[in-house]
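The next block holds one structure in the form of structure tokens; read it before the comments.
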Amino acid sequence: MNTKIVIIDDHQLFREGVKRILDFEKTFDVVAEGDDGSEAIGIVEEYQPDVIIMDINMPNTNGVEATRQLVEKYPDSKVIILSIHDDENYVTHALKTGASGYLLKEMDADALVEAVKVVADGGSYLHPKVTHNLVNEYRRLASEGTGTTGSYGQVEIRRPLHLLTRRECEVLQLLADGKSNRGIGEALYISEKTVKNHVSNILQKMNVNDRTQAVVVAIKNGWVEVR
């Protein structure tokens with residue numbers, strides 16, 4: 001069955017651009033559009049989409065508040081927030097209200113398609129730049145908490161070769177660097193499909209649900225450099 005998608009964004013031109021990208025995927029079906037968060041519950045009730053793509057800044061009801069209301073009424077709702085903000089405070093607030101994904105509007109088409117597929121399958125997806133910022137914030141807070149500012153940069157990195165293959169360790173490091181699947185493929189001279197397979201294996205072996213969790217666990221264990 002096709003993935004049913006709703007787009008809610010108050011900028012019609014941007015909304016049309018997102019729809020055009022999604023329409024290229026044969027398994028995607030954009031079933032409805034809206035221009036304010038206040039419409040979210042009504043649209044979801046009528047169309048029962050698999051994924052809701054929601055702008056964060058809208059004039060009446062913003063995307064975060066709309067997500068909170070939506071998830072409160074329909075806990076299984078899968079929302080991807082679209083934003084121009086890469087600040088970790090925006091990201092964590094959106095995730096706390098129930099969003100399953102967070103994409104920056106500077107995303108490329110591949111990132112949008114990948115995000116929809118991951119979220120539709122029950123996973124979480126963060127824009128690579130957002131992931132990198134969250135990792136850096138985690139590093140800062142951890143350093144302040146231990147009173148050893150900058151200690152992460154000095155710790156000896158011990159690759160988890162007891163758990164992952166050497167190639168998977170390389171992919172994990174590039175995830176921590178904030179690389180997208182395409183970026184990882186270009187860095188390692190492998191296809192995006194191969195990258196996806198490696199990421200899937202990493203998540204399974206590390207027993208985590210998404211890329212961000214994998215990176216956080218890797219940092220805690222000293223398996224990657226934060227650079």
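The values are calculated or read from the model by the stated rules, or taken from the named source; none is laboratory data. Keep in mind the model is a prediction, meaning the values are calculated, not measured. Please note: Cβ atoms are built from the backbone with ideal geometry, for glycine as well, and neighbour counts cover all protein chains shown. Remember, those area values only see protein heavy atoms, side chains included, never the ligands or the DNA or RNA. Shrake-Rupley method; radii C 1.70, N 1.55, O 1.52, S 1.80 Å.
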Surface per residue (accessible, 1.4 Å probe) for segment 3-127, Å²: 47
Over 31 Å between alpha carbons, listed pairs Lys78/Lys179; Lys19/Lys179; Lys73/Lys193; Lys19/Lys193: Lys73/Lys193
Gaussian network model of the chain, Cα within-10 Å springs - most flexible of Gly123, Gly34, Gly17: Gly17
Gaussian network model of the chain, Cα within-10 Å springs - most flexible of Thr212, Thr194, Thr131: Thr194
Local electrostatic count at Leu70 - Lys and Arg +1, Asp and Glu -1, tallied over other residues with Cβ under 12 Å: -2
Relative contact order (%) - segment 1-129, alpha-carbon pairs under 8 angstrom, separation at least six: 21
Pairwise centroid distance, computed over Cα atoms, of segment 93-113 with segment 164-210, Å: 19
10 Å Cβ shell holding at most 11 others, DSSP loop, GluC sites (Glu not before Pro): longest site-free stretch of the chain: 1-105
With DNA, RNA and ligands ignored, accessible area of Asp36 (1.4 Å probe; Å², nearest 10): 10
Debye intensity ratio in log₁₀ form over the Cα atoms of the chain, taken at each q of 0.07, 0.12 Å⁻¹: -0.24, -0.67
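When the chain is fully extended, how far beyond the present Cα-Cα distance does Val216 get from Asp108, taking 0.36 nm per residue of separation?
Here the answer is 36.4 nm.
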Share of carbon and sulfur in the accessible heavy-atom surface of the chain [1.4 Å probe, %]: 47
Per residue value of the accessible surface for segment 155-221 (all protein chains in place, 1.4 Å probe), Å²: 55
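Tell me which chymotrypsin sites (Phe, Trp or Tyr not before Pro) from segment 1-107 have a DSSP coil assignment and no more than 12 other beta carbons within 10 Å of their own.
Details: sites: Phe14, Phe24, Phe28, Tyr47, Tyr90, Tyr102; in loops: Phe24.
For chymotrypsin sites (Phe, Trp or Tyr not before Pro) across segment 1-107 that sit outside H, G, I, E and B with at most 12 neighbouring Cβ atoms in 10 Å, the list reads Phe24.
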Mean Cα-pair separation over length for the chain, i.e. relative contact order, pairs under 8 Å, 6 or more apart, %: 14
As computed over segment 3-127, the Cα convex hull volume per residue (Å³): 86
Debye, to nearest 20: dipole size of the chain, +1 on Lys, Arg Cβ, -1 on Asp, Glu Cβ: 1220
